[in-house]
Structures are given as C-alpha cells and as structure tokens.
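Only one structure is covered here, and it is reproduced in the block below.
The values are calculated or read from the model by the stated rules, or taken from the named source; none is laboratory data. What you are looking at is a predicted structure, and each value in this text was computed from that prediction instead of being measured. Don't worry about glycine lacking a Cβ; one is built from the backbone with ideal geometry, like all the others, and counts go over all protein chains shown. Accessible surface is based on the protein model in full, side chains and every heavy atom, while ligands, DNA and RNA are left aside. Shrake-Rupley method; radii C 1.70, N 1.55, O 1.52, S 1.80 Å.
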Amino acid sequence: MDESDRNNSANGQFVGVRMPHRRDRPRVVENGVSSDECEKYNPSEWVQSLINNVKSEGHKAHSVFSELDVLKEYNGSIEWREAARWVKYEEVVEEGGKRWSKPHVASLSMQTMFNLRKALKEAPVVMDFDCHTLSQVIDKFTDEWVDRNQLDPRFRPHIRDVALKGHKHHHIKRARNQRRGSTTTRPLADIMDESGTNGSAAHLPYSASFASINSDGLGSSNSNNDLQEMGMVESPSQSSLSPNWKPNTNFLRKIPKDSHVANIMVGEVEDLPNRVMGFMRLKEPRILQNDLSEVNIPTRFVFFCLGRRGEEEELIEFGRCVGTMIVDEIFREVAYKARDRDDLLAGFDEFMEQVIVLPPGEWDPKIRLEPPGKVQSQEHRRQSVVSGSPNGAGLPIKKAEEAEEESHVDPSLVMSKIPFKGLVDDIKRKAPFYLSDYKDALHVQCLGSFVYVFLGTLTPNVTFGGLLGQATDQYMGVMECIFAAAVTGILFALFGGQPLNILGSTGPMLVLEAIIYNLCKDNDWDFMPMRFWVGMWTVGIILLIVTFNLSALVKYITRFTEESFATLIAVIFIVEAFKKVIEIGSEYPVNFSPNDPLPSCVCVPRDCNITDLTTTAAVTATTGISTSLPSTAASVVNYTCADLANMTINWASLSNETCAMYGGIMEGPGCGVQYVGDVFFFSILLFIGTFALTLSFVDFKRTTLFPSSVRQRISDFGVLFAIVIMVLVDFFVGINTPKLIVPDEFKPTRRTQWTVNPFSDKNPWWLYLAAAIPALLSTILIFLDQQITAVIVNRKENKLKKGVGYHLDMFVVAICVGIHSFLGLPWYVAATVSALAHINSLKKESECTAPGDKPSFLGVREQRVTALGIGILSGCAVLITSVLKYIPMPVLYGVFFYMGFSALRGMQLVDRLFLFIQPVKYQPDLPYVRHVPLWRIHIFTIIQVLCLAILWVVKTIKVISIGFPMMVLATGVVRKLMECFFAQKELRWLDDLLPGANKKKDTDMNGVSKVPYKSFYASSSTNGSVLDINDKDDSIKPTFFVSDECDASIMHRKSNGTGNTKL
C-alpha cells in the first residue's frame, strides 16, 4: 500500500455509525488476508481481553504523572523546558512562564490524533527495555531509528547531545547571573495559539555540523566512551547530575502514592531531514536522571518526538495527546500491559472510540473546560463483554440498572424460619470490626462531630423534658430525659449494630406517653406502674420480632417511605426552631407602636370592707404582681384601713412597689406588660447568625480559599466555631437573652427514687394484661422509627463498609426499653435528624487529589466513640452547667434549623419539588429527568407530598395522633398501589423497586420493538443481529472505525482466536 492509500485510509473515519443490515458481497483479498478477517478487529474487545488476561505483577497498572518538556533555546544554549503536566487534568505554563494555568480538561485535535496514530505505526515502540540512565534510552531510540532508515547515522551524536541537555522546571527559579541577556520565552498557551515558531530550534554545534561529519557518518558501533572522548555528549555521570535541581515536594503531595512518571519530550531540531518518534516502556521504573522530572518519582514511560524547524506546534500537540492519553484510566492500563505495538494501537483506537467530538462552530478551542464535579466510571470500558462467549462477543456482564436494583435490597435481609438467625448473623458480621470501631475514631474530624451532635441532641432533650413534664405532671421531666439519653447512648454505642444511629426523643413518643398518662389519670390508676407493664410487654413483642427475624421486612421500605418520613422529621425541626424563636417574643414583648401612649396601669386603694391584707403573699395574690417585695413586706401591716382613711394619697402616681406597700391594687390594660424589645430582636440576629455561620463554615471545604487541609478542618468544626462566635457576641453585647438551663442536681423531678415499683394498690390485676394493647402501638412506633432511620443511614449512597445490623439494633433497643421502664425514663429510639447530622459530620473525602480534581466522597468514618462520648457527656451534663448556662437558646435554635436544613439537602423529593418552578432548559440533568416524562415525575411528587401532608396532620391533631404509626405503614401500601399507575422502569428511576419486581419487569419487557441493525455487541453472525433497542446499555458505545486497512501481523494474531468481529 503506497503513501496515498495510507493517507486516504487514515482519513476515512466513521464515528458512531449504525448501518442497516445488507446482503453479503464478494470480498476482496489483499496480501492474502480477506477483508472479512479485517472486520474482525474490534479495539474495545481487544483491550478488554488484554486487560483481563495480563495479570503479571510487573505489568500492574499504577497512577501516572505525565510531564511534557519542550526543547528551547535560552541565552545561546539549549534546554528542555517544562511546558505542561498531567496528574489527571492538564496544566500548562502561561503568562510568560511565570505560573501554572488552572487545571482543565484537555481539548485535543482529532486530526492530530489521527496523525499521531499514523506516526506510531512506523515509529519504534520498545516494551520492557532494561536500562538505568537516560543515555541508554537515547541510544536505544537512535539505534531503532537508524535501523528503520528514519535517521541518518550522521545525526546520531547530535540527537544524543540534544536529548541529554538539562531540564528546566517551573518551580526552580533561575540564578540572577543566568537571567542577564535572557531571551523572551513563550508559554505553551501562546505556542498553541500561534501558527509559526522562531528561535526555538536546536542548532547543530560546530563539532556536529555537516561540514565536520564525514560522509560515512557515525554508525551504531560508536560506544558512549567514543562519543564522550569526542566531546559531543555528556557522560552518564554528568548528565544525571544537576546541582541546581530540587524536587517539587509541595506538588508531590498531589500525586498518588506508588505513581510512576511518563516523560514526554518534543522539540524541533535544525537541519533534521525528517521527523523521528519513539515510545518506550521501561522494564522497571527507575530515576534515569535526577532533573528529568519535576518530582522525585521513577520513570516508567518515555516518549520522544523530534521534528524539523517549523513543526514545533504540531510536535507539542503530539505531546499533549500522549500526556492526556497516558493518564486515562484504561489507556494507562493498556500501556502497562501492552505486549507489542499492536496492543498499544488497539488501546489508542479504543481511546478514540470514547472521544466526544465538539463541533467547531459551537465552541471556542481557546476556552478551557472546567473539570467536572463527577466523572463517569470507566468500568464499562474494562469489562463490557461476557467472558467465554464466542470471539469474546456478547451482552454486558451487568447493566447499570440491574446493579442499582440489586443494591436496594441488602443480601442480609432474608426471611428465615431459624430462630435468632438474623441476630446471630449480625453479631458475626459486626464482631470482626469491633476493635476497628475504636481505632477509626482517632481522627480530628470525630472531635468536631462529637461537639456538634452533642449540642444538637442536648437541647432537644431539655426541650422534650419540659414538654414531657407538662404532659405527665412532672413524673418524667428534664432530668429523666438527660438520664435516658445517657443510658441509651452508652448501651447502643457499645453494643448496637449501627452505632452511627443516635437515639433520642421523638414527637410520636411524646404523644404516646401523654395518652398513657391521661388514661391512668382518668381512671385513678398509678401512672408509673402502669407504664412499667406497657414497657415490659413492648420488650416481649420486640424480642419476638428479633426471634423470628421479622426485621427483614425493612427491605420493603423504599425511598418513597424513607424520604416521606425523613422530610417530615426535618420539617418538624425547622418549624420548631422558628416557633421557639417566636415564643421569645411572647416572653419579652416588643412595643410595635412606640409613638402611641402606653396602656394605663394605675394603683387603686383596696376595698377595706372585704379584707385587710397583712402579708406579702396576700398582697401578691390580690394585686396580681408576681414580683416579690421583701424590703416592703414588713411595712404592709403598718397601714390599716383606719390609717389610710386619715392619709391623703395620690394613688394614681404610686409605683408598683409603693402601691403594694399601701395595700393598693394595680389595675388597667397595661398591668403585667413589660416591653423589652432588644431581647427579641437580638435573639433573631443570634438565630440567623448561627445558621448562616454554620452553613458557611461547613460548606467552606467547597471554596477555593486556603489549602485543602485548612478548609477541611474549618468544615469539620464549623458548628463549634459558629456556636463559640455567637456566644461571644452575646456575652460582649450584654443583652439578657434566654439561656440554656440544665438541672444542677442528679435526682428525679417528682419521684423520691429512680426505680419503679411494678405493683400498686390502685391498679387492678387485669391492668397488667391489658397493658399489651398500648404496648402493641408502642412496638409499631419503635420499630418504624428505629428501622426507617436505620435504612436511611445504611443507604448505598453513604458507602458504609462494615455491614448492617437491623436485628441486633432491635435487640439492644428492647434491652434499653426494659431498663428505662424500670427506672421510669422515657423510651428513646433512633432520631432521624440527629442520625443524619451524625452521618454528615463524619463523611470522608479524598485528601490527596489531583490538581483540578474535585474531592471524591470516600464514605463515612464508621466508629463508636462519638456516640459513646455523646452518651457519657449527656449523663455528665449536670456537672457542666456552669459552662452550658452561657449558651443562648437562640443559638441552639439556629443549630436546630441547620440540622433540619442539612437533612433536606440532597433529598430527591426536594429536588423534584423545584422542578415545578424551574423552566425546562434550566432543570438539572438528573437520571430520572432523562428517563421519565416530566408530567409523570410531577404526579409522583404530588402523591408523595399528599402522603407527607397527611402524616403532618395526623401527628399535629392530638386526638388522632395515636394513629401516626399506622399512617407511616400506610405510605408503604400507597407505594405498592402506585405500581398500578407507574411502569417498573419509571419506578426504578424515581424510587427503589420492591423485592420481586424484577420478574414483573422481565414480563413487561417481552414483545418490545426490535430493529434489524447490526449489533453493537459485535455478533459474529453473517446475517446481522437483532438489537433490542429498549435493552441496550447506555454505557456501551458502538465500535469506531479507525482504518480500513489490516496489517498482516494483526491478522495473524486474530487468526489465532484473539480477534473479534467489528461492526
């Protein structure tokens, strides 16, 4: 095949073409190989076979740092100057070589990629070359070029001399004496924009000029010593040492450990007759020359490309293409495992298959593309065919949608007839991680999480204790709630299956406690003994659930129920935060009409015909003044009605204290009203300021200010910083805002002892059996609260690695309910918002990230120490009242607000609500928006909002609030009924599929339309294949035609069974 044929075939590209089946035609045989065999070349399947079959340790893929050096002239000498680098994204030297550009996605020219592939077919590709110095690499390349007649032997010493020149890296500043007379250098960004180059070609030295080199040239027999004696090249010891070179240790932290270097060197050389190129993979990674790379990392790949004068722009583009490909996840693995040139070209072709072409008239190539926030997984490129199928062809191993369907149902949630099987499995699953649950807490992030969640749970306990005291006539109050938080927190942290859960008080449990108390009060029964037997029945029922593995039923809880329940709790937190702030305005009223006269409140004499006040208590009771008057109480008895009759008193001018001294009464609409405007408005400022600061500090890690480690620490302690700042503001302003009040004595609120006597003379014997009825309701409520929260915590999005423990959680909760019933403490279950706050505060992100790469979510620090510390410190809260009394309540209400707000962030329900008010062109590119019609999404959202509203109404109305657990169960029934109106495919994107829905989906998929296209999965059938257009995996792309030609060497390998059919 001549040069023109090769050019035509190289430019004949077909990108993403699907062709209808056509009848077979006679095939033309070229070089003894039919074109049928040529069509068997499929680069994707070739690469997949290579990656999956080459398993040797020496060819294991590592992360790669690519560095592009360009040959430049400086002060009359030649040097290799660093121009670009890649860890994951491209960075180029800009602004006259003074700084690195912002990391960006490399935009490459398709024509340059085609030309590079064409050049690599002729260039030497050396695999596993054993060498120790850069001079040995250059000698190998020059030998190959001379043997291939690509380089005149007379150019060997000059090429070697040029290749061994020193390297100038951007982080090393030039010495002052080296700057004098320096020429103006051009950055890579300018070179790519300009079409011509001047003054950068490497000139031949006099000793290596054409005039001084004889016609015979310097053959490959010249040794290094001969060249060194001629003074044309540097010795290995000289070339490998640079006294001014220092590695860039700061940038080294951005490179993953165990990485290798790919050194890319391009440049134009004067009088070089033709372009030479070479690619080499070293047998072992070695530091060939200490200044060869910016960082002190061994080199594994070397790419050389030298061209004629005027080709610098194209050569740099070649280097950018190689640098971009070598950091690609799949091509990098091909480069490590390639056995010869054909494997490398197959990797090149597979890379081209994945390339997305941007139309030239719709974007500006000078615009740098920002790195995406999330990069698609490349697993479909590594494993997209079923192993063992004929010619490697077949359907995908596992589709993305199938993986998502299976991920919802945890494999451990299996119904079993073996008693306690689920509990035993949970213990076996969690036991190996028990020690690591304490070791993994040795991180500063856990300290910030501990302070945040402790303050976020202490305030609800105090608030809940006050409400519970009012509902139970102080049989259980603030002290009981604090003690209950300590008992459950310690026990669940030590023995729970999912210690990331935080147990606390909930609104439905408060309603249940009030119902039991009112029932006892109306029938004149003793409340605490009755409650004890309700708790014992609840323990028994929960143990039956654990015994028969009924916790496996949580697999029927889908995202629909989870988000409805979690959204309700989060909204309750937000609403309660605002209500508490507004209540401050009732305690400290504000005069919103300052220009109007104040309501009158005057003193009037008492009626002496009714009574004669002689005590302070009587005065207070009659006047209605709640302020005690110890200094004037004794003088009240000195003014009897007879005394007052002989005195002339201007009663209207008397103050409250004087009026009380004379036994008068304050009357009028203004009595009892004291306007204190500063407290309410300042409380609002504290509330809003705490929320705003917390949100800003927690999201600070997403900004570009300060190093990433500083941003992460500020984010970890964001809540603590916000609380401390607002407490200091409150302290220095000096306004008497309401403060957190915690009991300073460890004793029951009303009872004389902590333990409860189960028996009472007031309670009939049958009451102990009848307690099973309210116990059934409490069991349903505890089971749903606990397990729905556990399902939310264990969702796959949190990337938990230590397994679940639904059965073990219920067992520990049963033990806690029993202890609390005996001690007269409120029953605590998993608190959804507190658990989500705990999870969010412990999320891990990658710290060592490539420049431009967004920190990736790694999972959650799964440990028990933070929950254990919260439980212990909750019990010790009575010992730190001297510190807690300085925390204003509006500050804690702001933390409430943030906890509810953070729980709503990222919920699909919230995202779908915004779709109602967003124009279509501004709607986010979410998966369910792509696959489900918008009006169907709105119907699904409306149904979910209606369920949420019903839950809110049932919970709010006290008369029917006892039915709240049943309404939560009803949301699961509604989700099942929705299968009558929504297809399984739609529910898969909008929600999770219920167990057993896959079979129904398979039935629905029968009879889908099929089109006679050639298979994208490369079937070897000569009659074409039928493609199921509804079953095609979006991640599989059609094959990409790189060339119509077939090398004899490639055909020889395909005839041995390694080839695959191409479209």
Exercise. Mind checking whether some residue in segment 349-370 is open to solvent by less than 10 Å² (accessible area, probe 1.4 Å) and at pLDDT below 85?
Worked result: no
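Identify, please: which residue in segment 949-959 is open to solvent by 40 Å² or more (accessible area, probe 1.4 Å) and part of a helix (DSSP H, G or I) and is, among those, farthest from E562 (Cα to Cα)? Show your work before the answer.
First, the residues of segment 949-959 that are open to solvent by 40 Å² or more (accessible area, probe 1.4 Å): 949-950, 952-953, 955-959.
Keeping just the survivors that are part of a helix (DSSP H, G or I) gives 949-950, 952-953, 955-956.
Numbers: A949: 15, I950: 15, W952: 15, V953: 18, K955: 17, T956: 20 Å.
By that ranking, first place goes to T956.
Out of segment 235-263, which residues are modelled with pLDDT under 55 and in a loop (DSSP other than H, G, I, E, B)?
If the condition is that a residue be modelled with pLDDT under 55 and in a loop (DSSP other than H, G, I, E, B), then S235, S240, L241, S242 are the ones that fit.
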For this session: Restrict the check to segment 860-869 and report whether at least one residue is touching a helix residue (DSSP H, G or I) at 6+ places or on another chain (Cβ under 6 Å), basic (K, R), in a helix (DSSP H, G or I) and surrounded by 16 or more Cβ atoms within 10 Å (Cβ to Cβ).
Result: no
For this session: Answer yes or no as to whether V742 is within 30 Å of M476 (Cβ to Cβ) and in contact with a helix residue (DSSP H, G or I) (Cβ under 6 Å, 6 or more places away or on another chain).
Result: yes
Exercise. Looking at D426, is it in contact with a helix residue (DSSP H, G or I) (Cβ under 9 Å, 6 or more places away or on another chain), modelled with pLDDT of 85 or more and either closer than 30 Å to L987 by Cβ or in a helix (DSSP H, G or I) (or both)?
Worked result: yes
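I'd like the full set of residues that are among the charged types (D, E, K, R) and over 22 Å from E314 (Cβ atoms), limited to segment 113-153. So that I can check it myself, show each step before the final result.
Initially, segment 113-153 is screened for residues among the charged types (D, E, K, R), giving 117-118, 121-122, 128, 130, 139-140, 143-144, 147-148, 152.
Answer for segment 113-153, where residues must be among the charged types (D, E, K, R) and over 22 Å from E314 (Cβ atoms): D128, D130, D139, K140, D143, D147.
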Exercise. Among (1) under 26 Å from V865 (Cβ atoms); (2) of a type in the set (A, V, I, L, M); (3) surrounded by fewer than 20 Cβ atoms within 10 Å (Cβ to Cβ), where does L458 come up short?
Worked result: (3)
Problem set entry | Neighbours by Cβ (under 8 Å, 6+ apart or cross-chain): first from segment 916-945, closer than 12 Å to E986 by Cβ and of a type outside the set (F, W, Y); second open to solvent by 40 Å² or more (accessible area, probe 1.4 Å) and outside any helix (DSSP H, G or I) | I939/F981
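Looking at E797, E847, E862, which one is of a type in the set (D, E) and at pLDDT 90 or above? Lay out the reasoning, then the answer.
Details: E797 fails: at pLDDT 90 or above; E847 fails: at pLDDT 90 or above.
The conditions single out E862.
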For this session: Kindly list the number of the only condition in (1) modelled with pLDDT under 90; (2) open to solvent by less than 10 Å² (accessible area, probe 1.4 Å); (3) in contact with a Pro (Cβ under 9 Å, 6 or more places away or on another chain) that fails for E562.
Result: (3)
For this session: Identify, by number, the condition in (1) surrounded by 13 or more Cβ atoms within 10 Å (Cβ to Cβ); (2) part of a helix (DSSP H, G or I); (3) modelled with pLDDT of 85 or more; (4) not β-branched (V, I, T) that L946 doesn't meet.
Result: (1)
For this session: Could you pull out every one of the helices (runs of 4 or more DSSP H) wholly within segment 743-858 that has 2 or more residues that are of a type in the set (V, I, T)?
Result: 772-793, 806-823, 832-841
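Going by the conditions given, is G663 open to solvent by less than 50 Å² (accessible area, probe 1.4 Å) and assigned to a loop (DSSP other than H, G, I, E, B)? So that I can check it myself, show each step before the final result.
Numbers: open to solvent by less than 50 Å² (accessible area, probe 1.4 Å): yes; assigned to a loop (DSSP other than H, G, I, E, B): yes.
Yes; evaluated as a whole, the condition is true for this residue.
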Seminar exercise, completed: Checked pairs for segment 591-608, first at pLDDT 70 or above, second of a type in the set (A, V, I, L, M) and in a loop (DSSP other than H, G, I, E, B), C-beta under 7 Å and 6 or more apart or across chains, list as P599/V673; C603/L654; R606/L613
Exercise. What number goes with the only condition from (1) touching a residue at least 60 places away in the same chain (Cβ under 8 Å); (2) open to solvent by 40 Å² or more (accessible area, probe 1.4 Å); (3) in a loop (DSSP other than H, G, I, E, B); (4) over 21 Å from I316 (Cα atoms) that K102 does not pass?
Worked result: (4)
Exercise. Any residue at all in segment 808-826 that is open to solvent by less than 10 Å² (accessible area, probe 1.4 Å), under 25 Å from T538 (Cα atoms) and aromatic (F, W, Y)?
Worked result: no
Exercise. Going through segment 490-549 one residue at a time, which ones are surrounded by fewer than 19 Cβ atoms within 10 Å (Cβ to Cβ) and acidic (D, E)?
Worked result: D522, D524, D526
Problem set entry | Given (1) within 29 Å of the chain's Cα centre (by Cα); (2) buried (at least 23 other Cβ atoms within 10 Å of the Cβ); (3) among the hydrophobic types (A, V, I, L, M, F, W, C), number of the condition A485 does not satisfy | (1)
Exercise. Are any residues in segment 535-574 part of a helix (DSSP H, G or I), within 18 Å of M978 (Cα to Cα) and either hydroxyl-bearing (S, T, Y) or touching a Lys or Arg at 6+ places or on another chain (Cβ under 9 Å) (or both), and if so, which ones?
Worked result: Y556, R559, F560, T561, E562, S564
For this session: Give I741, I723 a once-over and let me know the one that is touching a residue at least 24 places away in the same chain (Cβ under 8 Å) and surrounded by fewer than 16 Cβ atoms within 10 Å (Cβ to Cβ).
Result: I741
For this session: Sort through G319, G323, G278, G310 and tell me the only one that's among the small types (G, A, S) and surrounded by fewer than 18 Cβ atoms within 10 Å (Cβ to Cβ).
Result: G310
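If I filter segment 286-303 down to residues being free of Cβ contacts under 8 Å to residues at least 60 places away in the same chain and either touching a His at 6+ places or on another chain (Cβ under 8 Å) or not hydrophobic (A, V, I, L, M, F, W, C) (or both), which single residue comes out as most open to solvent (accessible area, probe 1.4 Å)?
N296
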Seminar exercise, completed: Among residues of segment 478-520 being modelled with pLDDT of 90 or more and small (G, A, S), the residue nearest to I819 (Cα to Cα) is A484
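Select, from S882, S874, the only residue that is part of a helix (DSSP H, G or I) and without any contact (Cβ under 8 Å) to a residue 12 or more places away in the chain. Give the derivation first.
Working: S874 fails: without any contact (Cβ under 8 Å) to a residue 12 or more places away in the chain.
After ruling out the rest, the residue left standing is S882.
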For this session: Note down all Cβ pairs under 6 Å where the first residue falls in segment 960-975 and is over 13 Å from L946 (Cα atoms) and open to solvent by less than 30 Å² (accessible area, probe 1.4 Å), the second is of a type outside the set (A, V, I, L, M) and at pLDDT below 80, and they're at least six residues apart or on different chains.
Result: F964/P508
Seminar exercise, completed: Restricted to segment 292-309 and to residues being part of a loop (DSSP other than H, G, I, E, B) and not charged (D, E, K, R), the residue farthest from the chain's Cα centre (by Cα) is L292
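When you scan segment 218-232, do you find a residue that is among the acidic types (D, E) and either open to solvent by 50 Å² or more (accessible area, probe 1.4 Å) or modelled with pLDDT under 60 (or both), even just one? Give the steps one after another, and end with the answer.
From segment 218-232, those among the acidic types (D, E) are 226, 229; that's our starting set.
Applying the additional criterion that residues be either open to solvent by 50 Å² or more (accessible area, probe 1.4 Å) or modelled with pLDDT under 60 (or both) yields 226, 229.
Within segment 218-232, one or more residues are among the acidic types (D, E) and either open to solvent by 50 Å² or more (accessible area, probe 1.4 Å) or modelled with pLDDT under 60 (or both).
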